[in-house]
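Any read-out appearing in this document is the output of simple, stated calculations on the displayed coordinates, not a laboratory observation. The structure displayed is predicted, hence computed values, not measured ones. In this analysis, Cβ positions are derived from the backbone assuming ideal geometry, glycine residues included, and neighbour counts consider all displayed protein chains.
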Amino acid sequence: MSQKSPQAVLRRVLLVSRIDGWSIVIVAGLCALVSLAFGDLTGTLVGLLVAGGGAMEIGGRRRLLRHDTEGGMDWLVRSQLIVLGVIWAYAVTRLGSFDADSALANLTPDMKAMLDQAGVDTKTLLHYVRVFFYAIYGTVMAVTLLYQGGLALYYRNRREAVRQALTAVPVVPAAS
């Protein structure tokens with residue numbers, strides 16, 4: 001496989017950071033609004049912090065466009081670590097907050113009747129709810145580690161090529 005030119009690496013970093021940054025800002029911003037609509041202040045704060053990480057990625061891209069290699073690449077890497085840290089902190093607090101009594105209290109009489117008809121006792125139901133709860137948050141943590149952690153490494157490993165691309169003397173075609 002041939003080595004990509006520094007200019008090609010720079011173009012790719014700029015594309016990835018634009019798509020990822022705006023995707024994070026939009027999705028996290030919408031999640032913050034939905035959380036706010038439901039009165040979930042923790043979810044709102046998490047959404048805003050993650051959106052801030054996305055905005056930081058966009059800011060890093062803008063710094064690269066102004067030829068600020070060090071600042072731009074630092075912001076790109078740190079933005080991923082912020083998103084990763086916020087999502088992990090939220091997931092860990094949720095994992096530590098599983099409340100079996102609250103889960104059972106949310107069952108409506110119709111749900112209880114349906115479960116009784118199906119022969120499912122509350123102990124079995126609670127077991128599956130707990131497994132599902134941990135599986136969801138564990139999956140969120142794993143995917144976040146792979147995606148945001150991988151993207152932080154991607155940006156870190158392209159720092160030198162981006163520096164070369166931004167400090168290269170432009171080639172002016174000869175006049176004919």
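Figures for the structure shown
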| item | result |
| --- | --- |
| Spin-label zone in the range 98-142 - amide nitrogen under 12 Å from a point set 7 Å from the Cα of Trp88 along the C-beta vector | 141-142 |
| Inter-label distance for Arg130 and Asp99, nm, one decimal - labels placed 7 Å from Cα along Cα-to-Cβ | 1.7 |
| Residues of the range 78-112 with amide N under 18 Å of the 7 Å Cα→Cβ point at Leu41 | 90, 94 |
| Fewest-first ranking of Ile26, Ile87, using other Cβ atoms within 10 Å as the exposure measure | Ile26, Ile87 |
| Convex hull of Cα atoms in the chain, direction-averaged projection (nm²) | 15.6 |
| Degrees between helix 69-95 axis and first principal axis of the chain (Cα, 0 to 90, nearest 10) | 10 |
| Cα long-axis angle, helix 6-37 against the chain (0 to 90 degrees, to the nearest 10) | 30 |
| On Cα atoms only, tilt of 122-157 relative to the major axis of the chain in degrees | 10 |
| Which of Leu49, Leu115 has the fewest Cβ neighbours within 10 Å, and the rest in rising order | Leu115, Leu49 |
| Positive-end residue, the chain charge dipole about Cα centroid, Cβ charges, pick of Val50, Gln3, Gly60 | Gln3 |
| Inter-label distance, nm, simple model (7 Å from Cα along the C-beta direction), Ile26/Asp110 | 3.6 |
| Separation of the Val34 and Arg18 label points, Cα + 7 Å toward Cβ, nm | 2.8 |
| Per-residue HN-Hα couplings for the range 99-110 [Karplus 6.51, -1.76, 1.60; θ = phi - 60°; Hz; x = Gly/Pro] | 10, 4, 4, 5, 4, 6, 5, 7, 6, 7, x, 5 |
| Excluding exposed DSSP-loop chymotrypsin sites (Phe, Trp or Tyr not before Pro) (at most 16 other C-beta within 10 Å), longest clean stretch of the chain | 99-176 |
| Residue exposure sequence - Ile82, Ile24, Ile19 - by fewest surrounding Cβ within 10 Å | Ile19, Ile82, Ile24 |
